[in-house]
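So the structure is just underneath, and the comments pick up after that.
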Protein chains: 2
Amino acid sequence: MYRTNTCGELRIENLNQEVILAGWVQKARKMGGMIFVDLRDRYGITQLVFNQEVNGELCERASKIGREWVIQVKGKVMERSNKNPNISTGDIEIIACELNILNVSETPPFTIEEDTDGGDDLRMKYRYLDLRRNNVRSNLELRHRMAFETRSYLNGQQFLEVETPVLIGSTPEGARDFVVPSRMNPGEFYALPQSPQTFKQLLMVSGIDRYFQIVKCFRDEDLRADRQPEFTQIDCEMSFVQQEDILNMFEGLTKHLFKTVKGIDLSDFPRMSYDDAMKLYGSDKPDTRFDMKFVEIQDLTKGKDFVVFDSAEYVAAIRAEGCASYTRKQLDELTDFVKRPQIGAKGLVYVRYETDGTFKSSVDKFYSQDDLKTWAQRCNAKPGDLLLILCGTTEKTQKQLCELRLEMGSRLGLRDKSQFNCLWVVDFPLLEFDEELGRYFAKHHPFTSPKPEDIPLLDSNPGAVRANAYDMVINGVEIGGGSIRIYNSELQKKMFGILGFTEEKAQTQFGFLMNAFKFGAPPHGGIAFGLDRFVSIFAGLDSIRDCIAFPKNNSGRDVMIDAPAVLEQEQLDELNLQVALKQK
Amino acid sequence: MYRTNTCGELRIENLNQEVILAGWVQKARKMGGMIFVDLRDRYGITQLVFNQEVNGELCERASKIGREWVIQVKGKVMERSNKNPNISTGDIEIIACELNILNVSETPPFTIEEDTDGGDDLRMKYRYLDLRRNNVRSNLELRHRMAFETRSYLNGQQFLEVETPVLIGSTPEGARDFVVPSRMNPGEFYALPQSPQTFKQLLMVSGIDRYFQIVKCFRDEDLRADRQPEFTQIDCEMSFVQQEDILNMFEGLTKHLFKTVKGIDLSDFPRMSYDDAMKLYGSDKPDTRFDMKFVEIQDLTKGKDFVVFDSAEYVAAIRAEGCASYTRKQLDELTDFVKRPQIGAKGLVYVRYETDGTFKSSVDKFYSQDDLKTWAQRCNAKPGDLLLILCGTTEKTQKQLCELRLEMGSRLGLRDKSQFNCLWVVDFPLLEFDEELGRYFAKHHPFTSPKPEDIPLLDSNPGAVRANAYDMVINGVEIGGGSIRIYNSELQKKMFGILGFTEEKAQTQFGFLMNAFKFGAPPHGGIAFGLDRFVSIFAGLDSIRDCIAFPKNNSGRDVMIDAPAVLEQEQLDELNLQVALKQK
């Protein structure tokens, strides 16, 4: 061992001990015949002192060491005259008597500090240096801790972690599968799993009644700002359970993580139906850290010759508390915000409920003070509040109003990253109708079970059938989701029919699972959490990238190792492949 | 929840409780107006009783259920008159009052019992049914437990589990890399890691001084009997350590696993040099459950006109205790064994040390009783023992004698699967000379550090340089291996030179790691364990296959899901690929 202690553990209790430390030079500075070195490792920083008068030769050598050099120092723990309350070792320093330079370092391309001067691209290229920064490293520590506590909890609940294969088969609809040519089976390909869904269902058929796995999954899709081609799921499945059992089990897991990792006691999670979530927040993953629910006011706006509202399918308001004082400029900003192409509203109507009790709105031409008062009353507005109103077709407008609500929440400081509001969204629709293709698609996947009481609707009104499907939402982010699965062959056949599968197609795509179901499938259901997102919520990060050790960029590239890359022809030949680039 | 209890937990203490169980029908049998059903789940088997006299309708329905049907039963816990001491629930039975058939089952293609009638191929095709068998499922439980305890131990030692990427870059020498075409980067490929070696070394550069990961690795090679294209490693690395620190840490891990998982207290592991292992056992992974060390006797055999021995570079014996009574047939079997092409010996010489003190050998023509006595004495043989002797070139003969020794160990019942002999083999040679190519190769990998005291030999006698490399061997199986790495750029350059790399080639292949090493690499080293093999040793399995939930066969195929498979042209087009099968 190159050290007796880490750079984060020596205290005033260790006074006069002879110690050996090893680590990286955070900084070195000379001060009147002394050299002070901040020595850093994963655990902290300890100050070393080299004294010219005591040991000139040693001090001379110490004067040469630079930032990020790796050194080993022997010395004695002494009390600092000038204590540093900001670091845990701030009461002591090491008076060095030996110095061993283990490695030198070139000047790093950016500073290894919390506030680094390195831009994103540079940090990614030199990720191994970026990971030396406290804040980045602590994300990895958090991730380790969350994964560890997840396993502790589930192990305690009799779950078995079972590894499912990474080299699996591609499905004909697996357009976003990564594929892997097999050298031993010329012309044939494996695929990487987008999720272990079918395997975990097979494990249920096997009688492994409580399965989980923290597992890499893969999706070859154009990467939105916060997606990665490889991502990690906490994948879980249980047999002989109803929806309620799953919700309780994984609410328990989430509480355990908050308690053990962040020291936060959470109370029971509220449940909200999908319909309510859409109606009140315009989203199936509402941020419930703040209220500001949608209030529908269309009935109050009708018949006053304001054709925009009169012709709209849907008119709804949100109430921004204390914002009647918003300036014209601020209101214009909000109007611009909702008119951005990503949001796409035609315009924004506001009503200021002035502190003197009068109303001022952008539709004063059409509505009297009394009219506006009825709106304000329905919104529970008080003098000083501001109403923001959007209108249009229901679904589109709800989405727009959702964005506006989130924006107002941010502006008003209502989205505190240290506050955690957890929520179950339940009763998702089983099916989604695709207008273009004129048919239903499974909202979740074709194995999701309808609610038993809604099964009769499968024939009469499929769109109204609710599923035993659920999402866990924290602060407006979907952290996990799952469903109770169909385990009855007849019901499964019916589902395939509704989804427009021929029996043959169902067999081709899901044959081995359907076959397995013939041999005694138990009732089962499950859930999968996105670990990357779960960690980033815990860490208060805006992106999942900084809780991943070696992430890829938006083009799916690892710029540090420069992958992917072209292969040598020899290697392609071995795999019986030719690259055929399309003409542009 | 479909049950109040599992099928493995009810005891005499639960008498008269109303319970609900759910599970699979192991078997059902009628006996005089009663139907007895063995209900099985992951936790055990509980006997259910349906009584014709008490509830005829229920009994009628129960009479229809078949093997592997999934049922839910409500009933009362009663004491059995006819107790079954072989199962944990054998003191009780459930008098059923309600029966709910959750799912039917076709007749399974093989019996779901420890001794199944299903052959390997059938079991693999219906792996989800195979996994219902107690012995197969218990291997997965063992695997879970070993992985869990590995994480517990390493977490307690401040190790961080860090996920390294699965989509990485291929190296020019990565002939056995699986590759993955990137849709977003046309014509370019990722590779799947054969190990996270470079990433874990980068993490050391990052200051994550204790890293581990239980991680899937991939190798596209012709599969020997007991290899899988995807396999799982316990991958570990530490900074600021010497070899001794790594050996202690991971001997500690192994002891922890034996203690917590198998209840076995291991004493400290012996250390054996590579040279001794080859000399005494002819293998770098000796099975030390039994002694039977090699004894070199060439000097004793010379000059007696037996040209076979006289012309051999190496003559050595093993002593099979109490085997002087071996028959001609048995000796012929052994001769055939060593002459098999996989072993390749020319012949086998034996010396029987008869119980009357005389010797009988296959070389009596050349050697006197006194000659043979000197051999026996050197081998510490007693009357009743048998000496088995091979000769030839040193290395080849050692390997042959190793196989013979293992065969004799098996025949003599000295390789008890419930006994565990752990061993460190250390001081591996750094380099291996390839006679054909006329140059040195790294025995481990090019980053393995030579022993500091051997560095001067790098110039004068590279083949004699020992590495700071080590293997952990249990019962003749290499469970793990690793090394201290080079962290000094100059030494690394020298190594590349010896290995025949130009600077340019070193840069192409290991550029990003070499660059990282410029910014302050700490001294570091590590080890990786093969989890599949570790579990199979614990389970006493001959193959790793049965400790993997969904293994592939010798052609790398998953016969259950029928992967790999051909892709549709559309999907190939998306990936800019064409399949170009070679002419046979």
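Observations
- Within the range B:91-107, considering residues that are in a strand (DSSP E or B) and within 14 Å of chain A (Cβ to nearest Cβ), the one nearest to the chain's Cα centre (by Cα): B:Ser105
- Residue in the range B:540-557 that is in a helix (DSSP H, G or I), modelled with pLDDT under 95 and under 27 Å from B:Tyr440 (Cα atoms) present: no
- Filtered residues of the range A:1-29 (kept if in contact with a Pro (Cβ under 8 Å, 6 or more places away or on another chain) and outside the structural domain of A:Lys74 (by TED's automatic domain parsing)): A:Tyr2
- Being among the β-branched types (Val, Ile, Thr), away from chain B (no Cβ under 14 Å) and in contact (Cβ under 8 Å) with a residue 24 or more places away in the chain is a description that does not apply to A:Thr260.
- The C-beta contact set for the range B:309-320 (first residue modelled with pLDDT of 95 or more, second residue buried (at least 19 other Cβ atoms within 10 Å of the Cβ) and small (Gly, Ala, Ser), distance under 8 angstrom, 6+ apart or interchain) comprises B:Ala312/B:Gly392; B:Glu313/B:Gly392; B:Tyr314/B:Gly392; B:Arg319/B:Ala381.
- Residue in the range A:77-85 that is in a strand (DSSP E or B), over 38 Å from the mean Cα position of the chain (by Cα) and within 13 Å of chain B (Cβ to nearest Cβ) present: no
- For A:Pro193, the stated conditions do not hold, so it cannot be described as within 7 Å of another protein chain (Cβ to nearest Cβ), assigned to a loop (DSSP other than H, G, I, E, B) and within 18 Å of B:Arg219 (Cα to Cα).
- Residue list for the range B:263-317, filter: more than 20 Å from B:Ser368 (Cα to Cα), among the β-branched types (Val, Ile, Thr) and loosely packed, with under 15 Cβ neighbours inside 10 Å: B:Ile264
- Check on B:Met184, within 7 Å of chain A (Cβ to nearest Cβ) and more than 30 Å from A:Leu21 (Cα to Cα): yes
- Condition check for A:Arg40: farther than 27 Å from A:Leu140 by Cβ and part of a strand (DSSP E or B): no
- Hits in the range B:217-230 (condition: surrounded by fewer than 19 Cβ atoms within 10 Å (Cβ to Cβ) and within 18 Å of B:Phe550 (Cβ to Cβ)): B:Arg219, B:Leu223, B:Asp226, B:Arg227
- When each of A:Leu160, A:Leu131 is tested for being facing chain B (nearest Cβ under 8 Å) and touching a His at 6+ places or on another chain (Cβ under 7 Å), the lone residue that passes is A:Leu160.
- Checklist (1) within 10 Å of chain A (Cβ to nearest Cβ); (2) surrounded by fewer than 20 Cβ atoms within 10 Å (Cβ to Cβ); (3) touching a residue at least 12 places away in the same chain (Cβ under 8 Å) applied to B:Asp177, failing item: (2)
- The listed residues are B:Val579, B:Val535, B:Val559, B:Val566, and the only one of them that is surrounded by fewer than 22 Cβ atoms within 10 Å (Cβ to Cβ) and touching a residue at least 60 places away in the same chain (Cβ under 8 Å) turns out to be B:Val559.
- Restricting attention to the range A:447-470, the residues being loosely packed, with under 12 Cβ neighbours inside 10 Å and more than 19 Å from A:Asp434 (Cα to Cα) number 3.
Okay, residues lined up against (1) farther than 30 Å from A:Tyr153 by Cβ; (2) in contact with a Leu (Cβ under 9 Å, 6 or more places away or on another chain):
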residue	(1), (2)
A:Met238	no, no
A:Gln242	no, no
A:Thr254	no, yes
A:Asp291	yes, yes
A:Ile297	yes, yes
A:Gly303	yes, no
A:Phe306	yes, no
A:Ala320	yes, yes
A:Arg328	yes, no
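- Failed condition for A:Thr254, given (1) crowded, with 19+ Cβ neighbours inside 10 Å; (2) outside any helix (DSSP H, G or I): (2)
- Any hit, the range B:164-182, residues being assigned by TED's automatic domain parsing to the domain that holds B:Ser138, more than 21 Å from the chain's Cα centre (by Cα), part of a helix (DSSP H, G or I) and β-branched (Val, Ile, Thr): no
- Of all residues assigned to the range B:499-513, none qualifies as being in contact (Cβ under 8 Å) with a residue 40 or more places away in the chain, buried (at least 21 other Cβ atoms within 10 Å of the Cβ) and in contact with a strand residue (DSSP E or B) (Cβ under 6 Å, 6 or more places away or on another chain).
- Cβ-Cβ contacts under 6 Å between residues 6 or more apart (or on different chains), taken from a first residue in the range B:280-302 that is more than 25 Å from B:Asn421 (Cα to Cα) to a second residue that is assigned to a strand (DSSP E or B), are listed as B:Ile297/B:Val315; B:Ile297/B:Ala317; B:Gln298/B:Val315; B:Thr301/B:Val315.
- The single condition from (1) farther than 30 Å from A:Pro270 by Cα; (2) under 34 Å from the mean Cα position of the chain (by Cα) that A:Lys505 fails is (2).
- Residue-level check: of (1) out of contact with any strand residue (DSSP E or B) (no Cβ under 6 Å at 6 or more places or on another chain); (2) within 12 Å of another protein chain (Cβ to nearest Cβ), B:Ser543 misses just (2).
- Test set (1) crowded, with 18+ Cβ neighbours inside 10 Å; (2) in the same structural domain as A:Gly32 (by TED's automatic domain parsing) - A:Tyr43 fails condition number: (1)
- Of all residues in the range A:546-571, those being of a type outside the set (Gly, Ala, Ser), at the interface with another protein chain (Cβ under 7 Å from one of its Cβ atoms) and in contact with an Asp or Glu (Cβ under 7 Å, 6 or more places away or on another chain) number 3.
- Within the range B:68-80, residues that are farther than 22 Å from B:Ser105 by Cβ reach partners that are among the basic types (Lys, Arg) with beta carbons closer than 9 Å, at six or more positions or on different chains, in the pairs B:Val77/B:Arg11.
- Flag if B:Asn139 is in contact (Cβ under 8 Å) with a residue 12 or more places away in the chain, in a helix (DSSP H, G or I), crowded, with 19+ Cβ neighbours inside 10 Å and not β-branched (Val, Ile, Thr): yes
- Of all residues making up the range B:1-36, the number that are without any contact (Cβ under 8 Å) to a residue 40 or more places away in the chain, among the aliphatic types (A, V, I, L, M) and away from every other protein chain (no Cβ under 14 Å): 3
- Candidate set from the range B:410-450 (those that are in a strand (DSSP E or B) and of a type in the set (A, V, I, L, M)); member that is modelled with the lowest pLDDT: B:Ala442
The values are calculated or read from the model by the stated rules, or taken from the named source; none is laboratory data. This is a predicted model, so every value here is computed, not measured. Virtual Cβ from ideal backbone geometry, glycine too; neighbours counted across all protein chains shown.
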